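Single-structure report; data block below.
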Amino acid sequence: MAETKPQTEVSVTGRLVSMSILGSTVVFIIFLENLRVTAWLPYALYILAGGVALAVLVPMLFFRRPVQ
């Protein structure tokens, strides 16, 4: 017989961490655009993509809980 792993989901704390990472990234991008930091503006899309990736990966790696 094959053992079944219990299903897990991201906890409420993990969801809050995800939203805070994503929100901080958006605020950082807005901050860069308002200050007209021309050296960083070409990388804004990559910074945002990195923030989205972190907002997905961090809660899935560190904030899992079993579902009954």
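The values are calculated or read from the model by the stated rules, or taken from the named source; none is laboratory data. Quick caveat, the model's predicted, so the values are computed rather than measured. Positions of Cβ are backbone-derived with ideal geometry, glycine not excepted, and every protein chain shown enters the neighbour counts. Please note that ligands, DNA and RNA were not included when accessible areas were found on the heavy atoms of the full protein model with its side chains. Shrake-Rupley method; radii C 1.70, N 1.55, O 1.52, S 1.80 Å.
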- Item | Theoretical ellipticity at 222 nm over the chain - DSSP helices of four or more residues, -39500 (n - 2.57) apiece, nearest 500 | -21500 deg cm²/dmol
- Query: What's the angle, to the nearest 10 degrees (0 to 90), between helix 44-62's Cα axis and the longest principal axis of the chain?
  - Reply: 20 degrees
- Under unit Cβ charges (Lys, Arg +1; Asp, Glu -1), what dipole magnitude, rounded to 20 debye, does the chain have relative to its Cα centre? 80 debye
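Which net charge results when you count Lys and Arg as +1 and Asp and Glu as -1 among the other residues whose beta-carbon is under 12 Å from that of Met60?
Working: positive: Arg15, Arg64, Arg65; negative: Glu9.
Once positives and negatives cancel, what remains is +2.
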- ³J(HN,Hα) computed for each position of the stretch 14-22 - Karplus, 6.51 cos²θ - 1.76 cosθ + 1.60, integer Hz, glycine/proline x: x, 5, 5, 4, 4, 5, 6, 5, 5
- Whenever you get a sec, compute what percent of the accessible area on the stretch 10-68 sits on carbon and sulfur atoms (1.4 Å probe). 73 percent
- Does anything in the stretch 16-30 have its amide N under 19 Å from the 7 Å Cα→Cβ label point of Ala44, and if so which residues? 22-30
- Equivalent-ellipsoid semi-axes of the chain, from the Cα gyration tensor, Å, largest first: 35, 12, 5
